[in-house]
There are 2 protein chains.
Amino acid sequence: MSKPEVTTTRLDDAARAGWLYYVAGNTQDEIAAKLGISRQSAQRMVSLAVSEGLVKVRLDHPIARCLDLAEQLKQRFGLKMAEVVPTDPGSTSTTLGVADAAAAEMTRWLKSETPIVLGIGTGRTLKAAIELLSPIECPQHKVVSLTGNIAPDGSAAFYNVIFNIADKIKARSFPMPLPVIASSPEERELLHSQAMIRPVLELSAQATVAFVGIGDLSEEAPLFIDGFISREELLALRQAGGVCEIVGRAFDRNGVPLKGLTNDRVASAHIPSRDTAMVIAIAKGPKKLPGIEAALKGSLINGLITDEATAETLLAG
Amino acid sequence: MSKPEVTTTRLDDAARAGWLYYVAGNTQDEIAAKLGISRQSAQRMVSLAVSEGLVKVRLDHPIARCLDLAEQLKQRFGLKMAEVVPTDPGSTSTTLGVADAAAAEMTRWLKSETPIVLGIGTGRTLKAAIELLSPIECPQHKVVSLTGNIAPDGSAAFYNVIFNIADKIKARSFPMPLPVIASSPEERELLHSQAMIRPVLELSAQATVAFVGIGDLSEEAPLFIDGFISREELLALRQAGGVCEIVGRAFDRNGVPLKGLTNDRVASAHIPSRDTAMVIAIAKGPKKLPGIEAALKGSLINGLITDEATAETLLAG
DNA sequence: TTGTGGTATGGGCAAATACTCACACAACGG
DNA sequence: CCGTTGTGTGAGTATTTGCCCATACCACAA
């Protein structure tokens, strides 16, 4: 006999046992007594009810939908980790919710006893996340910046958050005292070969986990708004097919880094290897969608924190 | 609301834990690890999710015996609708199972696109049912109370559930700001002629469907326990042949309303006409048997939700 | 009758889960 | 300011559950 073929009365009994268990809240012992069978049989009845799909559980909470979407994201894009937070339909904030979730995820990593190397990108979302981070003492960990922290005018780049996080978690921090984008490829090489910088770059390659934002390349591209690139450079990136930027480096819609242009001068560390590190992007909203899609296609990341609406669009596409 | 009042984020966490447990099939240990909390807390979260009613279990199996009994009930007593849930032999609860079924039946009605008028009685069973009701937005419907909601001491009658249900389903609600039993027939007339009350009474007569409980008139009669009638009044009702009470109005064993006594002063609306409305009683257990029999004999109802044991006794008698 | 293959049963045990308790901490009220 | 009260937490412990396995049972064929 190929099919399991369960008889009707058997399923009836299973349903009854399942009812007594799940609805009436009996223990298997009690069910056994009431149905006049052994506890083991009662257990079998209950598990039969489950395996035959008689028992359906539903969670009456918006969160349930989010978890479901997260699971789908992981499946579909081969992510190791995904988190979807509820969308607040009214809000236009690009950080609401995801920042909290990112802070929570960071905390989970930081709670580890064994030392980790935490790579940190840049951006508004990340800054918001770190502001939400609860202070926690983790002297065992190291936190390393993936981007330079010097703005074009020589001031500290505002959305470079390495100091903020280091302060919050009392870990040793490794900032990258460089401009985000050097003036020429040669300057970048020169800077990268400095004794102060090299160990930071090496450390960033060893990151256990990295949190990065995804920047769009629209008219309001953070790289442009914050003055790291000129309007002409922004247009050139778009012309070349660029749709997003991670730690300053521009990618096309397939997540392939653009050749030339500002990419030749980006002084940031490379995104850590997805084989050895968790690279978690924090991004939501329609403006970031092409960027997220690119990052997923190009396997630039293996973790994503986003919101419901964004997740739905990603899965629909 | 005198409820414990659990904050949103706490419920969110509970939902998350519940999802991981029931949907994703994690053990509590795994949940604890994933959420970065202790196993005990994970357990608490899961049980919170259950106790807050976030987790709904449904059994997708018509237990043959119950269906059979339901069919027989419909045939024998000319009901339009009957539902029989399994009996838990050991339990003394008067709501277990039937409340779930009632909630499911309500949901079925509420899902209707076309606006309905939902009449709601009172009582423990009904309250339990409404607590199990999943929140569902139905602004198209109206829900009207069939009984007054003022207790003898002036407080809100505890088992009047119009507000609970209105809150759950986001429908316009029509409570009846009256005492359940007026001090005299004259007072009742006066109250009923009020401009605030009349529309409610008229609406209740137009109900599409009404859910009512059946109260017994034993020493533990809810009317008496909750202080709506005195012991003397209770005894008088029994003396006069009363066996049950629906929306406060007492009936004899044939389902004929008693003349005089407290019935002259009951301020409740009449049970909607069985010709135009579904009137569904929710009741089980030996104590309610005479009441259910009376309601069936007097054709006070055309729908019944009860349990196996009660159904069997009804059919045997 | 006996053997054989398949299936159901219950004992036993480790894992998982629920519960109780004591304590920490914050909010509240004198 | 200090007790009081309520709430949340972790530790420890009892209960419950899931699962393996030896055994009993049954139908059927030799």
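The values are calculated or read from the model by the stated rules, or taken from the named source; none is laboratory data. Nothing here was measured: the structure is a model prediction, and the numbers come from that model. A quick note on method: Cβ atoms are made from the backbone with ideal geometry, for glycine too, and the neighbour counts reach across all protein chains shown. Remember, those area values only see protein heavy atoms, side chains included, never the ligands or the DNA or RNA. Shrake-Rupley method; radii C 1.70, N 1.55, O 1.52, S 1.80 Å.
General observations
- Under the combined filter of DSSP loop state and at most 13 neighbouring Cβ atoms within 10 Å, segment B:1-99 retains these GluC sites (Glu not before Pro): B:5.
- Stretch gain in nm, segment residue A:47-residue A:167, where the contour uses 0.36 nm per residue and the Cα spacing is subtracted: 38.0 nm
- Share, in percent, of DSSP beta bridges within the protein assembly as shown that are antiparallel, nearest 5: 35
- Given A:170/A:259; A:127/B:56; A:80/A:288, the pairs whose alpha carbons are separated by over 32 Å: A:170/A:259; A:127/B:56
- Efficiency of FRET between residue B:27 and residue B:195 - r from beta-carbon atoms, R0 51 angstrom, step 0.05: 0.25
- Semi-axis lengths, largest first, of the ellipsoid equivalent to segment A:66-118 are 23, 17, 8 Å, with √(5λ) applied to each eigenvalue of the Cα gyration tensor.
- FRET efficiency, 1/(1 + (r/R0)^6) with R0 22 Å, evaluated for residue A:184 and residue A:270 via beta carbons: 0.70
- Backbone N atoms of segment B:57-94 closer than 19 Å to the 7 Å Cα→Cβ label point of residue B:254 belong to residues B:77-78.
- Using a 7 Å Cα-to-Cβ projection, residue A:153 label spacings across copies, nm, ascending: 6.9
- Size estimate for segment B:8-51 follows the Kirkwood approach: the inverse of mean 1/r over distinct Cα pairs works out to 9.6 Å.
- Note on chain B: along the principal axes its Cα atoms extend 67, 46, 41 Å, ordered by decreasing extent.
- Share antiparallel - DSSP beta bridges, chain A, percent rounded to 5: 30
- Rounded to the nearest 20 debye, dipole of segment B:8-51 from Cβ charges on Lys, Arg, Asp, Glu: 80
- Rounded tilt (10° steps) of B:39-51 against the dominant C-alpha axis of chain B: 30
- Among A:44, A:253, A:274: highest mean-square fluctuation, GNM of chain A, C-alpha pairs under 10 Å: A:44
- Label distances, nm, residue B:275 versus same residue in remaining copies, Cβ-directed 7 Å point: 8.3
- Quotient of the Cα radius of gyration of segment B:1-153 and 2.2 N^0.38 Å, N being its number of residues: 1.29.
- Pairwise centroid distance, computed over Cα atoms, of segment A:117-187 with segment B:74-151, Å: 58
- 4 °C / 1.567 mPa s Stokes-Einstein diffusion coefficient of segment A:175-317, Kirkwood radius on C-alpha pairs, µm²/s: 83
- Helix-derived mean residue ellipticity, 222 nm - over chain A, DSSP H n ≥ 4, -39500 (n - 2.57), to 500: -11500 deg cm²/dmol
- Kirkwood hydrodynamic radius of segment B:16-102, Cα pairs, Å: 15.7
- In the B-A interface, the accessible area buried, summed over both sides, Å² (probe 1.4 Å): 3000
- With contacts taken as Cα pairs under 8 Å and at least 6 residues apart, segment B:8-51 reaches a relative contact order of 47 percent.
- Highest-MSF residue in chain B out of B:32, B:128, B:205 [GNM, Cα springs under 10 Å]: B:32
- Crossing angle, helix B:8-18 versus chain B [Cα axis fit, 0-90 degrees, rounded to tens]: 70
- Computed from the Cα positions only, the extents of segment A:126-259 along the three principal axes stand at 46, 33, 30 Å, in decreasing order.
- Reciprocal of mean inverse Cα separation for segment B:131-198 (Kirkwood radius, Å): 13.0
- Only Cα pairs under 8 Å and 6+ residues apart enter the sum, and on that basis the relative contact order of segment B:11-167 stands at 15 percent.
- Alpha-carbon centroids, segment A:253-288 and segment A:209-251: separation in whole Å: 10
- Value of D in µm² per second that Stokes-Einstein yields for the protein assembly as shown, Kirkwood Rh from Cα pairs, at 10 °C (1.306 mPa s): 55
- For the protein assembly as shown, the residue among B:24, A:43, B:313 whose Cα projects farthest onto the positive side of the dipole built from Cβ charges is A:43.
- Two-site label geometry, residue B:235 and residue B:315: point separation in nm, points 7 Å out along Cα→Cβ: 4.1
- Against the empirical curve 2.2 N^0.38 Å, the C-alpha radius of gyration of segment B:215-278 lands at a ratio of 1.09.
- Whole-percent carbon and sulfur share, accessible surface of chain A, 1.4 Å: 54
- Based on protein heavy atoms only, segment B:55-169 ends up with 44 Å² per residue of surface accessible to a 1.4 Å probe.
- 7 Å along Cα→Cβ, label-point gaps from residue B:57 to other copies, nm, shortest first: 0.9
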